[in-house]
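Heads up: the structure comes next, in structure tokens.
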Amino acid sequence: MRRARARGAEMVVFSGGEPTIREDLPRLFAGAAALGLKAGLITNGRRFVYPGFAARPRGLGLEYAYVSFHSPLRRRHALSAGTDSLAEVLAAIGNLVRLGVEVTVNTVVTRHNIQDLRAMVDLLAPLQPRTIKLSALEPKGAALAAPGLVPPLGQASRAIADAIGYGKRRYPGLGFACEGLTPCLIEDFAVLDSGLAASGFILYHEATEDSACAPDHRNRAKAAACHDCADFEACPGVYSDYLQRRPAPPLKPQMRPMANSCVFVRKTTTPAARSEGARRVSVLEQGRAHAYETATTDFSDAEIRDILDLGQLYTTKDGRHSDIDHGRDLVKLNPLPGRSGVYSAAQGHPFARLQAVLEDLVGRLRGDVLEVGCGSVPLYGLLAPLARAGRIRYVGLDPEPPGLPPETGMRFVAREIEGFRAPPAAFDRILMLRSYNHIRLPSRVFPALRRMLRPGGRLIVVDGCAFGLALARQPARARPGQRGHFRNHDSDQARRLLEDFGFAALREVPVQRSGGNEWLLVLRRK
Ligand SMILES: C[S@@+](CC[C@H](N)C(=O)[O-])C[C@H]1O[C@@H](n2cnc3c(N)ncnc32)[C@H](O)[C@@H]1O
Ligand code: SF4
């Protein structure tokens, strides 16, 4: 508890077994109070049926109780609780609420209670717990030992969504939450999700372990198709066992194009010498500080802070805000030492270092080369001589291919990669230069590219993470086209995605604060 307090914890929550049967509970509560920690319990609630017992922990600082509840029907509640305790638990919840304890009632949804959820909401609502929480069953331990207990996740999520929707309409003052679901399995996931991390737990300490750790999602997993989903980062995944069960969970990847830059617009009002908050920066221009603000809804405050912390704020040379060539058009804005939130234009070419690494790799290409999303082929000057000399046979693929003169050993295919077919092991090298973030369906494209790559072949990927752009005027909002960005990965996220599709990284040049927003990966088939 001392260590937790030092790490910033404000409350300690005791779980079990059943923590209320511990003789030393008053001593533990007193210890917490002495450290300035509030106390909470995860409990079956039964001892709180005795008003005398209930008053004691409350007097010692009990602020929060998380009470397990199984069914509004006595027999079904008993089946899961292992004892005939429905009346006791209901009375206990009433006692705790009357004592002013914040109560969350949690029901793990099983085949035994899945049809009772609306009735359960009706039974609990008059007791006025703060929150009624419905949790998907984690298929492990005792849940696996009881055949037929685990409902299919799709069925459970529909029943949970139905009961929460019903409860919200009928009891507007009551809080509702869920656990074990994902953004595609329940609407309003961001508001409803209430696992340990989402509920603000910062440390978790098993009695059998020496040290505490942060709550994590290591018992959760995602399907290959989840890599096509815009909610991938925000999603904890499903309990891994469900991915092996039939029927498979009805996961629905959300495919949404997203902005890759966060625009800060110059304010015409009084210039700010100092700026505060992630949404406001000052830029020194000819000795004067000008305030720039962003009203973007494409990025959260935390994401904007990440962009600024990574040193990725730019302005453009001529006010241009579309068709930006990073190396040619962007001027980096560096923070002024000692002046928080104030930036000034940097000298030099932040993209040059990575471009040099890329050009070196391209200069050494040999054999059959596929470039995915070749665009106007900015490296034509390097590629064409290699093709002419017979060192490479080049295929440039792009739905909007370049109008370049056909060169011996080079051909262009007007197609999206999603619809491109090639025999297995057709290429020695596959290039993806700034097209990785545009791929709509990684779950289809990367297994196909892996098949097209020869043993010993290499996949070379360059792309960029999101960046900030300080502009004099708000640009017209670009309509999200079919070929927009579908992610703003950094090299770490891209490497993990590609590893999931059978690639292994041989070289990684991550984004650096001192450089541009681009990164590079060289990968082989695993
Ligand atoms: C930012 S540009 C990069 C072009 C070029 N490789 C470069 O480095 O400048 C992205 C390119 O990817 C192409 N692209 C987008 N979606 C694609 C897809 N599904 N398959 C193939 N190319 C795609 C676009 O047409 C565009 O030319
Ligand atoms: S990442 Fe997968 S599980 Fe999560 S919301 Fe997207 S499709 Fe659903």
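For the residues ARG118, ARG46, ARG111, the requirement of being of a type in the set (Lys, Arg) and out of contact with any helix residue (DSSP H, G or I) (no Cβ under 6 Å at 6 or more places or on another chain) singles out ARG111. Of all the residues in segment 105-157, those that are buried (at least 19 other Cβ atoms within 10 Å of the Cβ) and among the basic types (Lys, Arg) number 1.
Please find, among GLU206, GLU187, GLU179, the residue that is closer than 30 Å to PHE501 by Cα, exposed (fewer than 15 other Cβ atoms within 10 Å of the Cβ) and either within 16 Å of ligand 2 (Cβ to nearest atom) or more than 18 Å from the chain's Cα centre (by Cα) (or both). Steps first, answer last, please.
Numbers: GLU206 fails: closer than 30 Å to PHE501 by Cα; GLU179 fails: exposed (fewer than 15 other Cβ atoms within 10 Å of the Cβ).
So the residue among GLU206, GLU187, GLU179 that is closer than 30 Å to PHE501 by Cα, exposed (fewer than 15 other Cβ atoms within 10 Å of the Cβ) and either within 16 Å of ligand 2 (Cβ to nearest atom) or more than 18 Å from the chain's Cα centre (by Cα) (or both) is GLU187.
Name the residue, out of GLU138, GLU63, that is assigned by TED's automatic domain parsing to the domain that holds PHE189, assigned to a loop (DSSP other than H, G, I, E, B) and of a type in the set (Asp, Glu). Going through GLU138, GLU63 in turn, just one is assigned by TED's automatic domain parsing to the domain that holds PHE189, assigned to a loop (DSSP other than H, G, I, E, B) and of a type in the set (Asp, Glu): GLU138. Residues in segment 224-245 that are in contact (Cβ under 8 Å) with a residue 24 or more places away in the chain and in a helix (DSSP H, G or I) were compared, and the one that is farthest from ligand 2 (Cβ to nearest atom) is ASP241. With respect to SER340, is the statement that it is small (Gly, Ala, Ser), surrounded by fewer than 19 Cβ atoms within 10 Å (Cβ to Cβ) and either in contact with a helix residue (DSSP H, G or I) (Cβ under 6 Å, 6 or more places away or on another chain) or outside any strand (DSSP E or B) (or both) true? Yes: the conditions hold for SER340.
Among the criteria (1) touching a residue at least 60 places away in the same chain (Cβ under 8 Å); (2) not in a loop (DSSP other than H, G, I, E, B), the one PRO183 does not fulfil is (2). Could we say that ALA505 is away from ligand 1 (no atom under 16 Å from the Cβ) and over 22 Å from ALA224 (Cα atoms) here? Judged against the criteria, ALA505 is not a match.
Does ALA81 count as in the same structural domain as THR104 (by TED's automatic domain parsing) and within 17 Å of PRO129 (Cα to Cα)? It is false that ALA81 is in the same structural domain as THR104 (by TED's automatic domain parsing) and within 17 Å of PRO129 (Cα to Cα).
Annotation for segment 359-373: at least one member residue is under 24 Å from GLY484 (Cβ atoms) and in a loop (DSSP other than H, G, I, E, B). Residue pairs whose Cβ atoms lie under 6 Å apart, separated by 6 or more positions or on different chains, with the first residue in segment 361-374 and within 13 Å of ligand 1 (Cβ to nearest atom) and the second polar (S, T, N, Q), are VAL372/SER435; GLY373/SER435.
The values are calculated or read from the model by the stated rules, or taken from the named source; none is laboratory data. Please read these numbers as outputs of a predicted model, since none were measured by experiment. Cβ: placed from backbone, ideal geometry, glycine included. Neighbour counts: every protein chain shown.
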